[in-house]
Amino acid sequence: MKKLGIFFIVLSLLLIFSGVFLCFFPILENGDDDFSHSKKTSSEESTENAVTQYNTNSLVLSEHCFEGVCYTISLLSYNYDAGSLVVDMRNDSGTIILQRRVKFVFDTPRGQSVVIVDSPDLEIGGMGQTESRLSDSNLVSATSYTITN
């Protein structure tokens, strides 16, 4: 029984010293050896190397008004497999505009593409902003758009 107790004391001391040693002297630093690098898949590499594309067409970024609300696209971008459409809006009508959805119909080299934009409640003269996620990479090459119900 005494030997078993001594064994457990020695084992616990070894574990404690090993833990302290690893805390103060890490064996592997990130990127210091070949073992810390894992093989990246082609999809991970393409995600890292993907460049964000932006639509900078002045016709797309200019203000468009529809039913008393003026919309301005402040960001239209796409990166790898997702995009973003950020729209600023201003209520120029004489009434309160309640939350609604409008369709932005973009003209792209591959035809028309529709994005549904949710508009928040807008007080008279009020401003708002909304963001929509995109799955169509053609929108960064859109040349114009119209707004419909």
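The values are calculated or read from the model by the stated rules, or taken from the named source; none is laboratory data. Here the structure is a predicted model, which means the values were calculated and not measured. Ideal geometry is used to build each Cβ from the backbone, glycine not excepted, and the neighbour counts take in all protein chains shown. Just the protein is used for accessible areas: all its heavy atoms, side chains included, with ligands, DNA and RNA removed. Shrake-Rupley method; radii C 1.70, N 1.55, O 1.52, S 1.80 Å.
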Check your understanding: When the chain is fully extended, how far beyond the present Cα-Cα distance does residue 14 get from residue 93, taking 0.36 nm per residue of separation?
Key -> 20.8 nm
Revision key, fill the gap. The correct ranking of 70, 23 by accessible area at 1.4 Å, largest first, is 23, 70
Check your understanding: Around residue 122, what is the net charge, scoring Lys/Arg as +1 and Asp/Glu as -1 over all other residues with Cβ under 13 Å from its Cβ?
Key -> -4
**Study point:** Extreme residue, positive dipole direction of segment 105-145, given options 111, 145, 124 (C-beta unit charges)
**Key:** 111
**Study point:** Those residues of segment 53-69 whose amide nitrogen sits under 16 Å from the label point placed on residue 149, 7 Å along Cα→Cβ
**Key:** 66-69
Practice item. Would you mind calculating the gained length between residue 103 and residue 53 on full extension (0.36 nm times residue separation, minus the Cα-Cα distance), in nm to one decimal? Key: 15.8 nm
**Study point:** Counted charge near residue 132, where neighbours are those whose Cβ lies closer than 15 Å (Asp, Glu -1; Lys, Arg +1)
**Key:** 0
Revision key, fill the gap. Segment 55-148 accessible area per residue, 1.4 Å probe, protein heavy atoms, integer Å², reads 52 Å²
Exercise for review: Name the residues whose placed amide hydrogens come within less than 5 Å of the amide hydrogen of residue 93, ignoring near sequence neighbours (fewer than 5 apart) on the same chain.
Suggested key: 125
Revision key, fill the gap. Residue by residue through segment 136-144, the couplings from Karplus 6.51 cos²θ - 1.76 cosθ + 1.60 with θ = phi - 60°, in Hz, x for Gly and Pro, are 9, 6, 5, 5, 6, 10, 5, 9, 6
Check your understanding: Stretched out fully, how many nm does the piece from residue 127 to residue 63 gain, at 0.36 nm a residue minus the Cα gap?
Key -> 21.7 nm
